[in-house]
Every structure is written in C-alpha cells, then in structure tokens.
Amino acid sequence: MDWDRTPDQAAIDRTLAGLKERSFNPVLVPDRKSALEKLKQTLPEGCELMTGSSTTLEEIGFIELLAGNKHQWRSWKDRIFAEKDPDRQLDLRRASTTAEYFIGSVQAVTESGQVLGADATGNRQGGYVYSARYVIWVVGANKIVSNLDMAFRRLHEHCVPMEDARMKKTGAPGTFIGKMVVYEREWLPQRISTILIREKLGF
C-alpha cells in the first residue's frame, strides 16, 4: 500500500467538505511555503503557543522559525527546554496543553472529515481534545484516506514504523501507540483550524 500517494482533486474536495462540516475549518494551500505563511498569518502577535512533535512542522520551517527566536509569539517550548529539573519540566509539559494555540499534525484524515491522532504519551492529544483554546492542524494531503478503517491501517502500517525508525536514529528506544483519538466533530465552531497542504509532508 502506498500510504504517501497524493490524492486526486475529487478526494481533496470531499475531504475539505467533510472537515468543514465537522467544524475543523480547513483551508487548502499549494505547498509548504504557503503553509508556513498561512500559519504565521493565523497566529496573533504576542500569542502563547505550544507545538506538538511534528515532522510536518519541521518540513514547512516552523520549528526552525521558533528556534531562531525571530518571531512575535511566546513559545512554551522555550520555558520547557530552559527547565533542567525533570519533574518541573514534566509539570510544564502538562501545563502547556492549556496554551492559547496548540499547533501540530495528525496521522490521518478521512474523506468524510474524521481525523485520527495518536501518541505514545498523549501529550498532543491533551491539547487537541480540550485544553488548548485554539488548535491548528497542519496536514499534508498524503494523509488523506478513504475511511476510518484505512486511517487505522495507515497509523499502524506506516506512521508507527516511520516514527519508530526516526526515534531510534536519535538514540531513543523507539515508539509505541499509547493513546489514539478519533476526532468526529468540534463543538466550538472556531476552535480547530486545519491547514491542508497539497504536498507530501510528514508521515
């Protein structure tokens, strides 16, 4: 199965309609440069933000932008990395799920607009599900699948092996699925936004 195929325009259109119907507020952009510009435009000056671990955010250049400190926002990651005590750092990570803006990606999006997210610890899902005031998902079109069964297959057959290999390259022991969340609908109409990119990004 080619999990990184680019869907056709009809599939993208169905996905956009499904995301809109479920109040995930999608916008389609052509490439990673446009995605970065859209994300920068969406974040108000001086806002507090937290980023979940995301290859997609790295690939569009947002993580590099934050690391360079040449931005106009207040990043929770700065506080977390500055704290050297492990217990206090963990407390900060928990608190960061309440950020004004929580930004990250997901593992799969169905053509009907359902979204599948998963983590080992659940750190991103905590912000996505409820705690963060606003959530922004940045998602490559390669993550579009036909239905929820295929979303779970994509997670198990593609995402987990890719993330496991990525982590082992850094010297970490690997990964596993600890928490999985299916996002069916958001009850606050403007809380979740989705930047869908017509490009292969992330895994």
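The values are calculated or read from the model by the stated rules, or taken from the named source; none is laboratory data. Source: prediction; values computed, not measured. As a convention, Cβ positions derive from the backbone with ideal geometry for all residues, glycine included, and neighbour counts pool all protein chains shown. Accessible surface is based on the protein model in full, side chains and every heavy atom, while ligands, DNA and RNA are left aside. Shrake-Rupley method; radii C 1.70, N 1.55, O 1.52, S 1.80 Å.
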May I ask you to verify whether S193 is closer than 26 Å to L92 by Cβ and either among the hydrophobic types (A, V, I, L, M, F, W, C) or in contact (Cβ under 8 Å) with a residue 12 or more places away in the chain (or both)?
yes
What are the residues in segment 1-54 that are basic (K, R), crowded, with 17+ Cβ neighbours inside 10 Å and out of contact with any Phe, Trp or Tyr (no Cβ under 9 Å at 6 or more places or on another chain), if any?
R14, R32, K38
Just one of (1) open to solvent by 10 Å² or more (accessible area, probe 1.4 Å); (2) at pLDDT 95 or above; (3) over 12 Å from the mean Cα position of the chain (by Cα) trips up Q107, so point out which.
(3)
Among the candidates L155, L201, L148, single out the residue that is of a type in the set (A, V, I, L, M), at negative phi and touching a helix residue (DSSP H, G or I) at 6+ places or on another chain (Cβ under 7 Å).
L201
Tell me yes or no: at least one residue of segment 145-157 is open to solvent by 30 Å² or more (accessible area, probe 1.4 Å), under 19 Å from A99 (Cα atoms) and of a type in the set (D, E, K, R).
no
List pairs: first in segment 79-95 and β-branched (V, I, T), second surrounded by 11 or more Cβ atoms within 10 Å (Cβ to Cβ), Cβ under 8 Å, 6+ apart or cross-chain?
I80/Q89; I80/L92; I80/R93; I80/S96
Quick check: anything in segment 174-182 modelled with pLDDT of 95 or more, open to solvent by 70 Å² or more (accessible area, probe 1.4 Å) and more than 17 Å from G18 (Cβ to Cβ)?
yes
Matching entry among R166, R191, R185, R198 (being modelled with pLDDT of 95 or more, more than 19 Å from S23 (Cβ to Cβ) and basic (K, R))
R198
Among residues of segment 55-95 being more than 26 Å from V29 (Cα to Cα) and in contact with a helix residue (DSSP H, G or I) (Cβ under 7 Å, 6 or more places away or on another chain), the residue least open to solvent (accessible area, probe 1.4 Å) is I80
Filter result (touching a residue at least 40 places away in the same chain (Cβ under 8 Å) and small (G, A, S)) within segment 40-78
G52, S53, S54
Taking segment 158-173 only, how many residues are open to solvent by less than 60 Å² (accessible area, probe 1.4 Å) and either within 21 Å of V115 (Cα to Cα) or of a type in the set (A, V, I, L, M, F, W, C) (or both)?
7
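Restricted to segment 128-144, and to residues that are of a type outside the set (A, V, I, L, M, F, W, C) and closer than 22 Å to G61 by Cα, which residue is most open to solvent (accessible area, probe 1.4 Å)?
Within segment 128-144, the subset of a type outside the set (A, V, I, L, M, F, W, C) is 128, 130-131, 133-134, 140, 142-143.
If we keep only those that are closer than 22 Å to G61 by Cα as well, we get 128, 134, 140, 142-143.
Numbers: Y128: 1, Y134: 66, G140: 0, N142: 4, K143: 9 Å².
Residue satisfying both the conditions and the ranking: Y134.
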